[in-house]
Amino acid sequence: MMNQLKLNLTAVACCVVLAGCSTGGALPVTSGPAVNNSKQIFSNINELGYIPPQSEYRIGPSDLLAITIFPAEGLNQEVRVDSRGYIALQIIKEIKAQGLTQQELARALEQAYSSNPEGLNNPKITVLVKEAANQRVTVEGEVTKPNVYAIEGAMTVMQAIAQAGGPTTLASKDKIILFRTLPNKSVKAYRLNLTAIRNGQLKDPYLQNDDRIVVHRSDSRYWLKEAAAFISPINTLNNLVN
C-alpha cells in the first residue's frame, strides 16, 4: 500500500513539473496556496558559494580536451572524450580519461608516450578541459540565448547570463532566480539582483552543476507563484517518499 502511494505521488509530481517545462518553463499557477511573502520561497543568499570551487574537476564523456605535448608540438591536438570515457591520440591510440583530473591524465599520457616504442623521450604534457560537458547550467527566461551551457572552470551567475547573451530589454534585473538541487534532491531558490551585483553591493555567486537560472520579465505578475510552483512539488515529494 505504501509503495503504491509513493508511485502515485511520484507520477503526480512528475506530471506537474513536465507540464511546466512544456510551456516554456513557467509552471501553472492556477492552483495551490497564494504566495504573499517572498520569504516563503527564497533561501538566504549567504548560503551560496562566493569562493572559487577548490575541488578538482573529473573528466567525463563528451568533454573537450586540449592536449599540449613538449617538445613534439606536432602532436598537440584537441580531442573529445567518447561515450566509453576514452580519447584517441596519435601514436598511443586510446587511453582512458574518464574519472581522471587534468593533472592525472597528463601524467598518464607522459607514461604512455614514454613507454611506447614510437613514443617520446621524457615528454612534458599538459591537459586543459576546454568544454566540461558534465558540468552544466541552464539559463532561461528573458535572456538573448536561453540554453544549457557547460560550466567551464569556476563560473559565476553573471558570467553564465553573459554567455547566454545577457538580459533582454524586457528583463527585470532584480527578478533573477537561481534554483539549486541539493544532494537530498530537494530544491532551493535564491533571489538575485544583477544591478546590485554589478554595483558591488552584492557578491556574484559561483555556480554548481545542474543549477538553473531564470530571468523574469519586468512586467511579470506571477513570477513568485511560478517559483513556488516549481520547488513545492519536488520538495513535497521528497518529504513523503523519504
Review point. Which of Thr181, Gly165, Ala154 sits closest to the plus end of the dipole of the stretch 92-184, meaning its Cα is farthest towards the positive end, when Lys and Arg get +1 and Asp and Glu get -1 on the C-beta?
Key: Thr181
Revision key, fill the gap. Any residue on another chain or 5+ positions along whose placed amide H is under 5 Å from the amide H of Glu131 is listed here as Leu64
**Study point:** Rounded to the nearest 20 debye, dipole of the stretch 74-158 from Cβ charges on Lys, Arg, Asp, Glu
**Key:** 140 debye
**Study point:** Low-density loop cleavage sites - GluC sites (Glu not before Pro) in the stretch 37-144, where at most 14 other Cβ are within 10 Å (DSSP)
**Key:** Glu56, Glu118
Review point. When the C-alpha atoms of the stretch 85-242 are aligned to their principal axes, what extent does each axis show, in angstrom, from largest down?
Key: 69, 42, 25
Exercise for review: Pop out the carbon and sulfur fraction of the accessible area of the stretch 48-128 as a percent, whole number, probe 1.4 Å.
Suggested key: 51 percent
Practice item. Kindly provide the chymotrypsin sites (Phe, Trp or Tyr not before Pro) of the stretch 40-97 that DSSP labels as loop, not H, G, I, E or B, and whose Cβ sees at most 15 other Cβ atoms within 10 Å. Key: Tyr50
**Study point:** Built amide H within the under 5 Å cut-off of Leu202, gap 5+
**Key:** Ile197
Check your understanding: What aspartates and glutamates could a cross-link reach from Lys96, if we take a straight Cα to Cα line under 18 Å and drop same-chain neighbours fewer than 8 places away?
Key -> Glu56, Asp63, Glu78, Asp82, Glu104, Glu110, Glu131
Point to revise | Listed residue pairs exceeding 22 Å between alpha carbons, taken from Lys145/Lys188; Lys173/Lys225; Lys188/Lys225; Lys93/Lys124 | key: Lys145/Lys188
Exercise for review: Among Leu48, Val79, Thr101, flag the residue with its Cα farthest along the positive direction of the charge dipole of the stretch 48-148, charges on Cβ as +1 for Lys/Arg and -1 for Asp/Glu.
Suggested key: Thr101
**Study point:** the stretch 130-209 - Debye-derived log10 I(q)/I(0), Cα point model, q = 0.17, 0.20, 0.22 Å⁻¹
**Key:** -0.69, -0.95, -1.13
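The values are calculated or read from the model by the stated rules, or taken from the named source; none is laboratory data. Remember, it's a predicted structure, so these values are computed and weren't measured experimentally. Cβ atoms come from the backbone with ideal geometry, glycine included; neighbour counts cover every protein chain shown. Areas reflect the complete protein model, heavy atoms only, side chains present, ligands, DNA and RNA absent. Shrake-Rupley method; radii C 1.70, N 1.55, O 1.52, S 1.80 Å.
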